[in-house]
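Written out below as structure tokens is the structure these notes cover.
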Amino acid sequence: MRLVLVGAPGSGKGTQADVLEARLKTPKVSTGDMLRAALKAGTKLGLEAKSYMDAGKLVPDSVVIGLVEERLGEPDAKNGFILDGFPRTTAQADALGALLDRLGKPLDRVVELAVPSELIVERIIHRRTDKRTGQIYHLKYSPPPPNAELEHRADDREETVNKRLADYEAMTTALLPYYQKLGLLVRVDGVGKPAEVTARVLGALGLSA
Ligand code: AMP
């Protein structure tokens with residue numbers, strides 16, 4: 001299955017992509033995770049991306065498109081992938097479409113996780129990640145175990161969240177109709193417990209929970 005997950009920051013894309021990765025035995029390809037890994041490793045690409053990411057701005061298209069093209073060429077992505085956080089612009093969507101056309105492997109579905117923005121802010125500012133395992137927690141709704149080594153993403157701070165949400169709104173204005181026209185878009189209610197949302201996503205993909 002070749003899937004794209006679309007949703008605002010904090011909509012649960014990352015969490016759902018992790019579950020779907022295990023369920024569908026298909027790798028999650030998250031541009032945010034790849035950029036954070038590059039940053040941590042101190043690569044040239046990571047350093048280039050850092051100022052954009054810390055400010056909650058989009059990294060230039062050419063950078064992320066190159067990353068995704070490389071990643072989708074790896075053997076484990078040959079039979080499918082779950083894209084999380086890419087494409088975010090129509091230029092990225094065009095580049096992805098052109099790449100998949102060349103490979104003769106078109107997208108199967110684009111799943112939009114719909115969550116109202118007032119809920120999003122509450123989710124994001126309490127979001128923490130265990131830096132050893134990458135597991136995502138919410139300080140109130142999905143509290144971490146006492147031994148977790150928690151990290152608060154620089155771009156998850158309240159001052160940056162509104163900027164990222166505004167960017168997301170601007171992006172979806174173009175991206176969702178783009179995929180709707182192609183007949184690929186399905187909208188899933190992203191409010192509720194992660195397992196409830198997973199069941200809805202699987203239902204939308206025609207799979208049983
Ligand atoms: P995410 O983990 O998907 O929220 O991404 C974190 C940050 O990485 C974003 O705020 C952007 O700075 C950058 N980023 C991730 N994916 C993309 C993308 N497809 N296009 C541009 N920037 C991206």
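The values are calculated or read from the model by the stated rules, or taken from the named source; none is laboratory data. Treat the numbers as computed from the prediction; the structure is a model and nothing was measured. Here Cβ is always computed from backbone atoms with ideal geometry, including for glycine, and neighbour counts include all displayed protein chains. We work out accessible area using only protein heavy atoms, side chains counted, and drop any ligands, DNA or RNA first. Shrake-Rupley method; radii C 1.70, N 1.55, O 1.52, S 1.80 Å.
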Check: Does any residue of the stretch 118-131 turn out to be of a type in the set (S, T, N, Q), within 24 Å of residue 49 (Cβ to Cβ) and in contact (Cβ under 8 Å) with a residue 60 or more places away in the chain?
Finding: no
Next item on the list: Within the stretch 1-42, track down each residue that is within 11 Å of the ligand (Cβ to nearest atom), polar (S, T, N, Q) and either within 16 Å of residue 79 (Cβ to Cβ) or in contact with a strand residue (DSSP E or B) (Cβ under 7 Å, 6 or more places away or on another chain) (or both).
Entry: 11, 30
Checklist line | So residue 56, is it more than 9 Å from the ligand (Cβ to nearest atom) and open to solvent by less than 70 Å² (accessible area, probe 1.4 Å) | finding: no
Notebook entry, point to check: Residues in the stretch 139-149: is at least one within 16 Å of the ligand (Cβ to nearest atom), aromatic (Phe, Trp, Tyr) and not in a strand (DSSP E or B)?
Noted result: no
Note to self: What are the pairs with Cβ atoms under 6 angstrom where one residue, in the stretch 17-40, is open to solvent by less than 70 Å² (accessible area, probe 1.4 Å) and the other, located anywhere, is in a helix (DSSP H, G or I) and more than 13 Å from the ligand (Cβ to nearest atom)? Sequence gap at least six, or different chains.
What the structure shows: 19/198; 27/76; 27/77; 28/21
Checklist line | Positions within the stretch 63-76 being within 16 Å of the ligand (Cβ to nearest atom) and either open to solvent by 70 Å² or more (accessible area, probe 1.4 Å) or aliphatic (A, V, I, L, M) (or both), in sequence order | finding: 63, 64, 65, 67, 68, 69, 70, 72
Check: Which pairs do you get when a residue that is in contact (Cβ under 8 Å) with a residue 40 or more places away in the chain, found in the stretch 165-180, comes within reach of a residue that is open to solvent by less than 30 Å² (accessible area, probe 1.4 Å) and in a helix (DSSP H, G or I), reach meaning Cβ atoms under 6 angstrom, with the pair 6+ apart or on two chains?
Finding: 178/93
